[in-house]
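Written out below as structure tokens is the structure these notes cover.
The values are calculated or read from the model by the stated rules, or taken from the named source; none is laboratory data. Not measured: the values here are computed from a predicted model. These area figures cover heavy atoms from the full protein model, side chains too; ligands, DNA and RNA do not enter into them. Shrake-Rupley method; radii C 1.70, N 1.55, O 1.52, S 1.80 Å.
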Amino acid sequence: MNGAQSLLRTLVAAGVDVCFGNPGTSEMHFVAALDAVPEMRAVLCLFEGIATGAADGYARMAERPAATLLHLGPGLTNALANVHNARKAGSAMLNVVGEHATYHRSKNTPLSSDIAALAAPLSHWLRCSETPASLPRDAVEAVAAARTPPGQIATLILPADVSWSESTAPAAPLAAPARPKVDDARVEAAARQLEQAGKRMLLIGDAALRGKGLQLAERIACMSDARLVCDTFTGRLERGAGRAAVERLPYFAEQAAQALADVQHLVVIGTRVPVPFFAYPNKPDELLAKGTNVTVLAEPGEDVVDALERLLDRCGAQQTSARVQPYEPAAPSARTKLDAKAFAETLAALLPEQAIVVDEGGTEGFLAPLLTAHAPPHDWLSNTGGSIGMALPVAIGAAIACPERPVLCLSGDGGAMQTLQALWTQAREGLRVINLILANRSYRILNVELERVGAEQAGGRARRMLRIDEPQLDFVALATGMGMAAVRVDSPSALHRELSRALEAQGPCLIEVAIN
Ligand SMILES: Cc1ncc(C[n+]2csc(CCOP(=O)(O)OP(=O)(O)O)c2C)c(N)n1
């Protein structure tokens with residue numbers, strides 16, 4: 001068995017059985033080994049940022065890592081923006097980066113680079129496997145590192161000769177590290193905070209956004225009369241009918257500060273103290289009001305559910321049941337203009353149970369979370385790292401992790417163009433993804449930001465950098481050119497009709513939502 005075969009068998013045994021990649025010469029033995037190890041599902045992506053975005057979406061839904069296969073330094077650097085987003089989401093990911101043979105590395109070839117230096121800033125765990133004998137052990141350590149809660153980025157550099165040489169048997173999986181429990185002092189401090197008079201808020205993230213964690217958080221919020229709030233952008237939030245109502249912090253700093261203005265007691269659970277997304281000239285750079293008392297119950301990656309259980313016990317709230325959102329069917333949009341409101345209303349009317357919504361809808365999608373709060377239960381995956389071009393790739397991974405669930409991928413036209421080749425992989429793999437491209441022909445948010453940063457002198461040359469209307473992007477042609485069924489709609493009724501149709505069909509498709 002060569003190194004590549006042993007690596008693949010080791011990964012499969014450790015529960016990593018999907019690999020998103022874009023290989024090159026140095027990865028040929030890894031590719032060849034796929035036939036010997038059919039348990040590994042290999043998914044070809046036509047740009048490395050799609051591979052890492054897909055691995056992010058997979059991890060968010062499957063709650064275990066996928067592998068990526070990247071071609072030396074350039075493949076890795078192409079991949080990094082979506083590694084950044086995944087890191088901010090707390091997603092597990094194992095990046096296998098091919099490298100020249102050990103004896104060839106020093107030869108300063110066209111493709112040689114310092115891969116470790118390129119990978120280090122975004123990797124929680126990083127190692128070059130130097131011998132075929134060490135490869136299986138390195139691989140299980142990489143998987144365990146990736147599975148460290150809430151999820152980490154592990155990078156395994158794989159020299160070509162380590163891949164092709166005779167190796168040892170696959171290594172047995174290692175247990176993933178457990179979430180550390182928070183100490184009693186933090187539970188006590190949070191309980192005391194919630195006993196104080198004044199406005200209270202629970203700010204939740206990580207495992208408090210789902211399942212038991214969310215129920216516990218809601219019960220504590222209910223019993224202590226606290227608002228239950230999450231960050232603007234979360235990796236995965238369970239929401240809709242039957243789930244707790246969670247307020248979302250607004251994106252713009254002024255609005256977020258306003259939402260937090262009267263909070264006297266803030267308990268932070270599985271996330272961090274909120275800060276503005278950007279700084280602006282002559283504007284405050286804080287979100288919390290001066291007098292807000294803050295207690296951190298659990299950091300991301302700590303045992304959030306256990307901490308919530310203990311807090312609930314300490315508060316004596318065991319009898320309190322969680323309040324959940326009622327199901328409220330939404331009527332089709334009555335608007336004639338296809339704008340952000342009509343889009344959100346249509347989505348709310350049609351969102352099916354168990355849908356996975358990937359949200360990089362930008363300015364035209366901003367009402368969608370608000371208006372779908374009472375839709376059937378669904379999961380919401382946001383862009384956690386602010387690097388656009390995550391939605392179409394993340395949808396690939398989410399659909400592969402949950403093939404029985406429909407994925408609705410909301411993307412601005414600007415964001416979609418960053419990683420558009422993801423459509424090809426969606427089509428090739430026959431994934432159940434509906435891509436809703438919110439085509440406003442503009443980098444609209446940046447027009448807003450241009451005003452907000454106070455760049456008053458901006459003129460036509462500046463505005464031209466924020467328009468994407470000439471030449472007009474034809475998403476129907478672009479999608480069909482990649483083998484995907486596509487249609488353009490320019491009215492709410494047409495959107496309603498085409499989205500209904502798309503939900504009936506099982507295959508992937510694209511709807512260009514021509515915003516007017
Ligand atoms: C990788 C990366 N490059 C550039 C940006 C800056 N940026 C933020 S939003 C945006 C445009 C988004 O346009 P679109 O997706 O069409 O949404 P809209 O603002 O029009 O609603 C850009 C270029 C970014 N966030 N990430």
message: Quick check: at a probe of 1.4 Å, how many percent of the accessible area of the chain sits on carbon and sulfur atoms?
response: 53
message: How high is the relative contact order of the stretch 431-516? Use alpha-carbon pairs under 8 Å, at least six apart in sequence, and give a whole percent.
response: 47
task: Would you mind getting the Kirkwood hydrodynamic radius of the chain from its Cα pairs, rounded to one decimal in Å?
output: 24.0
task: Please state, to two decimals, what the Cα-based radius of gyration of the stretch 441-516 comes to when divided by 2.2 N^0.38 Å (N = residues).
output: 1.46
statement: With only helices counted (DSSP H, runs n ≥ 4, each -39500 (n - 2.57)), the per-residue ellipticity at 222 nm for the chain, to the nearest 500, works out to -10500 deg cm²/dmol
- prompt: If eta is 1.002 mPa s and T is 20 °C, what Stokes-Einstein diffusion coefficient results for the stretch 369-516, Kirkwood Rh from Cα pairs, in µm²/s?
  reply: 131
- request: Could you check how many percent of all C-alpha pairs in the stretch 219-280 are farther apart than 15 Å?
  value: 56
- prompt: Looking at the chain, how many pairs of lysines come closer than 23 Å at the Cα, when each pair is eight or more places apart or spans two chains?
  reply: 4
message: Suppose we keep just the DSSP beta bridges with both residues in the stretch 52-205; what percent of those would be antiparallel, to 5?
response: 0
P(r), alpha carbons of the stretch 291-349 - 5 Å bins starting at zero, rounded %: 4, 14, 12, 10, 11, 8, 8, 16, 12, 5, 1
query: ³J(HN,Hα) across the stretch 373-388 via Karplus (A = 6.51, B = -1.76, C = 1.60, θ = phi - 60°), whole Hz, x for Gly/Pro?
result: 4, 9, 6, x, x, 7, 10, 10, 10, 9, 7, 7, x, x, 8, 6
query: Rolling a 1.4 angstrom probe over the protein heavy atoms, how many square angstrom per residue are accessible across the chain?
result: 40
- prompt: Rank Trp380, Trp424, Trp164 by accessible area, highest first, at a 1.4 Å probe radius?
  reply: Trp164, Trp424, Trp380
query: What number, in percent, do you get for the relative contact order of the chain if the mean sequence gap of Cα pairs under 8 Å and at least 6 apart is divided by its residue count?
result: 14
- prompt: If you count the DSSP beta bridges with both ends in the chain, what percent of them are antiparallel, to the nearest 5?
  reply: 5
- prompt: When the Debye formula is applied to the Cα atoms of the stretch 102-225, each taken as the same point scatterer, what base-10 log of I(q)/I(0) results at q = 0.15 Å⁻¹?
  reply: -0.83
